[in-house]
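The structure appears below as structure tokens.
The values are calculated or read from the model by the stated rules, or taken from the named source; none is laboratory data. Since the model is a prediction, treat every value here as computed from it, not as a measurement. Note that each Cβ is placed from the backbone with ideal geometry, even for glycine, and that neighbours are counted across all protein chains shown.
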Amino acid sequence: MTETRNVILFSAGEHESATLQRILSEHASLVSVSTLPELLDFLKNNDCDAVFCGWTHHTDTWRTVLELLQIRYPDLPVIVFHRTGGEVEWIQALEAGAFDLLVPPYLKGTVIPLLEHAVATRDARRWHNGGEQKGIEA
């Protein structure tokens, strides 16, 4: 990784995301948020390379979050993470528009390459479409 990535970790609880938080904070500029208003407020005022979104939330599901982010920030890669998950959950996440589904064990050798792949894919899409697309206010 040649530059510092700006990443948001959106999770309902610290227990769910402690390992991800440790790995990402060592390799990216990381902001952790736990509510949808916090997430949207941060994105409104800051550039972000990717969002890691927990499968469970207190009031908002990952699907709701993903749908809203796709409308407002269509180029922003969202990686959904889930403490358990298999093929069915992976298909659900991809069909909903997530970049990928990440399941434990959360390892540096898995998380960081996934982040870099998500950012590279976003950059390639922007280049292919003729320029950078910023967030769209809805």
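Would you say R22 is at pLDDT 90 or above, more than 22 Å from G85 (Cβ to Cβ) and not aliphatic (A, V, I, L, M)? Here the answer is no, as R22 does not meet what is asked. For L115, state whether it is in a helix (DSSP H, G or I), at pLDDT 85 or above and surrounded by 13 or more Cβ atoms within 10 Å (Cβ to Cβ). Taking the combined requirement at face value, the residue satisfies it.
May I ask you to verify whether W90 is aromatic (F, W, Y), without any contact (Cβ under 8 Å) to a residue 40 or more places away in the chain and surrounded by 20 or more Cβ atoms within 10 Å (Cβ to Cβ)? No.
Restricted to the range 97-112, and to residues there that are without any contact (Cβ under 8 Å) to a residue 40 or more places away in the chain and in a strand (DSSP E or B), the residue that is surrounded by the fewest Cβ atoms within 10 Å (Cβ to Cβ) is D100.
Considering (1) under 14 Å from the mean Cα position of the chain (by Cα); (2) of a type outside the set (K, R); (3) at pLDDT below 95, the lone condition that H15 does not fulfil carries the number (1). The set of residues in the range 18-47 that are in contact (Cβ under 8 Å) with a residue 60 or more places away in the chain and out of contact with any Pro (no Cβ under 9 Å at 6 or more places or on another chain) comprises L20, I23, L24, E26, H27, A28, L43, K44.
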